[in-house]
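Each value in this text was obtained by applying a stated rule to the coordinates, not by laboratory testing. What you are looking at is a predicted structure, and each value in this text was computed from that prediction instead of being measured. Counting neighbours? That spans all protein chains shown, and the Cβs are built from the backbone with ideal geometry, glycine included.
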Amino acid sequence: MNMLLEYTKLFSKIAFRNKIGTIITLILPIILMFISNSKWLDESPSSHELLSVIAMWWGYIISMSVINGVAVNQIELREQGFLKQFKFISNSIIPIFIGNVISQFIFTFVSLIIFCSVVVIAFGGSLAELTLVSCLTLIIITLPLSLYLSWVPSLPIKQETISSLVTLIIFPLLFLTTIFFNSESFLSYLLLLNPVELTQQLSKILLNQLFNYNLNVEFPIVSIFLLLALYIVIGVYFLPRIKIATIKTRS
């Protein structure tokens, strides 16, 4: 337990000091929210319009936070030689992984609170409702998503490569949330492999169930939780296969 606490403290310091991560996870969505919905500053949106957009950005914030703070962070630790050292100390990758997940949960929680507060001040809405639903979404999705993305540090890929790829996938992940297929088709369910889409759908379900909104949810609740279970299964397979030895080419 003490070891887990120390890992959580260490990774929390890394998360809150990571300026690039803060820009991608928090500053960028706030800026894009204002740019793409500037008309709302003059004319307040309906609850349906506002919550549909907010749900998409919740999906983005949570997904990019886990991608950067858990998946990419473990690659960075590996390439710096720390992951191998930490595993030697703890004799397992599990406490390292859990400490990383907890620290990123804390960072994402703070990011969501700030995002929701800015949105409410600018566009209206209930801060209590937004905070409750975003945090419930975070609680449900964080562990399955972190496990799902454990395939990333299991790849023999360098830190520089994965950092570039993360930058490149930001807008494709958002774009894919705007694509809609017939929910009865198999192809539509492939969209749920996009964590932004799955998180967005989950948050809409929670908003509808808890506060009787009528937001468009393209997938049934059962499908969402089956995909979450699939995320966990994928993670259980890849977590023990995370590579701990640096792959840097030595001269």
Only Lys, Arg (+1) and Asp, Glu (-1) charged, at Cβ; the chain dipole about Cα centre in debye: 1200 debye
I'd like to know which of Ile27, Ser90, Ala55 lies farthest towards the positive end of the charge dipole of the chain, counting +1 on Cβ of Lys and Arg and -1 on Cβ of Asp and Glu. Ser90
CD proxy at 222 nm, helix term only [per DSSP H run n ≥ 4: -39500 (n - 2.57); per residue of the chain; nearest 500]: -22500 deg cm²/dmol
The simple spin-label model distance between Tyr213 and Glu160, using points 7 Å out along Cα→Cβ, in nm, is 4.4 nm
Describe numerically, in nm with one decimal, the distance between label points set 7 Å from Cα along Cα→Cβ at Lys243 and at Leu226. 3.4 nm
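Scanning the chain for helices, which whole DSSP H stretches are 15 Å or more long along the axis (Cα) and average 1.0 or more by Kyte-Doolittle? Intermediate values should be presented prior to the final figure.
On the way: long enough: 2-17 (23 Å, 0.19); 47-66 (28 Å, 1.08); 94-123 (42 Å, 2.33); 127-148 (30 Å, 1.92); 159-176 (25 Å, 1.71); 195-211 (23 Å, 0.35); 221-238 (26 Å, 2.74).
Membrane-span-like by this criterion, though nothing is claimed about a membrane: 47-66, 94-123, 127-148, 159-176, 221-238.
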Percent relative contact order for segment 2-241, counting Cα pairs under 8 Å at least six residues apart, stands at 29 percent
Net charge around Leu215, counting only other residues with Cβ within less than 13 Å of its Cβ (Lys, Arg = +1; Asp, Glu = -1)? -2
Cut-off 12 Å, label point 7 angstrom out along Cα-to-Cβ of Leu4: give me the residues of segment 58-96 whose amide nitrogen falls inside. 94-96
